[in-house]
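Have a look at the structure below, then the notes.
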Amino acid sequence: MAIQGSVGVGGANRSVDVKLIQAALNLINPSYSSASPLAIDGVIGDRTNEAIKRFQEKALCTEDPNALVDPHGRTLQSLRTSVRKGLNLDSLRAIMAHSSANIVDPYYPLFSSHMGKYRVNTPLRIAHFLA
């Protein structure tokens, strides 16, 4: 997961970067994230900023979270290691961040049904399957 600019309060908040962070926040341990999943819409808002802040408080044990994810910062590094492995709808949306949900979502049932059938069950196999 790589973002070009910062995401969150005072960040550059490029739509593609925001989608990646929203998807990552949906794919981490629920105790570190918001109560309900974020919309992966590329629009920065209070819910996304609060989810970043909560992640910084819980996962990084930061007493004064800034609700900002920098491209080379500690928050992004921790998000990378906290994301659950495997392919689900949120991770597919992040992989295809330049596309809208109505383009991406119809592919997920097809991918998930064929992945099990053909034992596409490791990160490398998933990457090859999607390529």
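Tabulated results
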read-out	value
The stretch 18-31 - residue that is of a type in the set (V, I, T) and assigned to a helix (DSSP H, G or I) and, of those, farthest from Q77 (Cα to Cα)	V18
Number of the condition not met by Y108 [criteria: (1) surrounded by fewer than 14 Cβ atoms within 10 Å (Cβ to Cβ); (2) in a helix (DSSP H, G or I)]	(1)
Any hit, the stretch 116-129, residues being touching a helix residue (DSSP H, G or I) at 6+ places or on another chain (Cβ under 6 Å) and either part of a helix (DSSP H, G or I) or among the aromatic types (F, W, Y) (or both)	no
Among (1) crowded, with 16+ Cβ neighbours inside 10 Å; (2) out of contact with any Leu (no Cβ under 7 Å at 6 or more places or on another chain); (3) assigned to a helix (DSSP H, G or I); (4) among the hydrophobic types (A, V, I, L, M, F, W, C), the one test that I103 misses	(1)
Long-range neighbours under 7 Å by Cβ, at least six apart or interchain, first residue more than 25 Å from R14 (Cα to Cα) and free of Cβ contacts under 8 Å to residues at least 40 places away in the same chain within the stretch 93-111, second open to solvent by less than 60 Å² (accessible area, probe 1.4 Å) and of a type in the set (G, A, S)	none
Qualifying residue in the stretch 123-130 (condition: within 16 Å of L20 (Cβ to Cβ) and at pLDDT below 90)	yes
The lone exception for D70 - which of (1) in contact (Cβ under 8 Å) with a residue 60 or more places away in the chain; (2) under 12 Å from the mean Cα position of the chain (by Cα); (3) more than 13 Å from K19 (Cα to Cα) it fails	(2)
Residues of the stretch 5-17 classified as part of a helix (DSSP H, G or I) and under 18 Å from Q77 (Cβ atoms), total	1
Matching residues, the stretch 33-91, being within 22 Å of V104 (Cα to Cα), among the β-branched types (V, I, T) and either assigned to a loop (DSSP other than H, G, I, E, B) or open to solvent by 20 Å² or more (accessible area, probe 1.4 Å) (or both)	I40, V43, I44, V83
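The values are calculated or read from the model by the stated rules, or taken from the named source; none is laboratory data. Keep in mind that what you see is a predicted model, and the values were worked out from it rather than measured. Cβ: placed from backbone, ideal geometry, glycine included. Neighbour counts: every protein chain shown. Surface areas here come from the heavy atoms of the whole protein model, side chains and all, with no ligands, DNA or RNA. Shrake-Rupley method; radii C 1.70, N 1.55, O 1.52, S 1.80 Å.
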